[in-house]
Amino acid sequence: MLNEEYYERGIALMGEIMGPEWIAASRKRHDEAVASGDAERSDFSTEVLFGFMFNRPQLSLRDRAIVMISNDISENAPNALRSHVQVGLYAGLTRDEIREIVFMMTQYCGHPRAREADITISALFAELDAKKR
């Protein structure tokens, strides 16, 4: 572990966003990585991204979510997009704003990538709606 304080901040923030199942899975990955001697690599994004970068005051979490969603669309990274859309919703983005980001990205990375993002996001929204029922 690089920095335990950042790790715990990262776990707390992502746990608020993603829920207790995410925390349990993350802690399990951490314990397995410690046992195999690979904790630094395993914990890196929790510490650096979630614990440090997300807590810097220069951008709000909402702004950071817009950056991440845009990047995920341009890189055609559906798994990251699912997580980052959830961050965006938690940070106050509306579904309409998220769909507008996708629409705008058609001009920057092309319709096929934006279409793939729309498919991923629509499936995520359907899953979230089903959980509410």
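Whole-Hz ³J(HN,Hα) for each residue in the range 57-69, computed from phi via Karplus 6.51 cos²θ - 1.76 cosθ + 1.60 with θ = phi - 60°, x for glycine and proline: what do you get?
x, 5, 10, 6, 4, 4, 5, 4, 5, 4, 4, 5, 4
Is the shape of the range 1-107 rounded, prolate or oblate, going by the alpha carbon gyration tensor and its root eigenvalues a ≥ b ≥ c, with a/c under 1.5 for rounded and a/b larger than b/c for prolate?
Because a/c hits 1.5 or more and a/b exceeds b/c, the range 1-107 counts as prolate.
Multiplying the sequence separation of ASN3 and ASP38 by 0.36 nm and subtracting their Cα-Cα distance, what value in nm do you get?
11.1 nm
Kindly write out, for the range 101-117 in residue order, the coupling ³J(HN,Hα) from the Karplus curve 6.51 cos²θ - 1.76 cosθ + 1.60 (θ = phi - 60°), rounded to whole Hz, with x marking Gly and Pro.
Per-residue couplings from phi come out as 4, 4, 4, 5, 5, 4, 7, 9, 10, x, 5, x, 5, 5, 5, 4, 5 Hz.
If you build a Gaussian network model of the chain, linking Cα atoms that sit under 10 Å apart, which residue out of GLU97, GLU47, GLU21 swings the most?
Maximum fluctuation in the GNM of the chain, among the listed residues, is at GLU21.
Under 1.5 on a/c is rounded, so check that first for the range 4-55, then, if it is not, pick prolate when a/b is larger than b/c and oblate when it is not; a ≥ b ≥ c are the square roots of the alpha carbon gyration tensor eigenvalues.
It is oblate, given that a/c is not under 1.5 and a/b is not larger than b/c.
Tell me, in nm to one decimal, what length is gained between GLU127 and ALA80 on full extension, where the rule is 0.36 nm per residue of separation less the Cα-Cα distance?
15.3 nm
Gap in Å between the Cα centre of the range 18-33 and the Cα centre of the range 84-106?
One Cα centre to the other: 26 Å.
What list of ³J(HN,Hα) couplings, whole Hz, do you get for the range 82-97 from phi and the Karplus terms 6.51, -1.76, 1.60, once you set θ to phi - 60° and write x for glycine and proline?
4, 5, 6, 5, 5, 4, x, 4, 4, 7, x, 5, 8, 4, 5, 5
Here, each number is a calculation from the coordinates, and none is a lab measurement. Remember, predicted model here, so these are calculated numbers, not experimental data.
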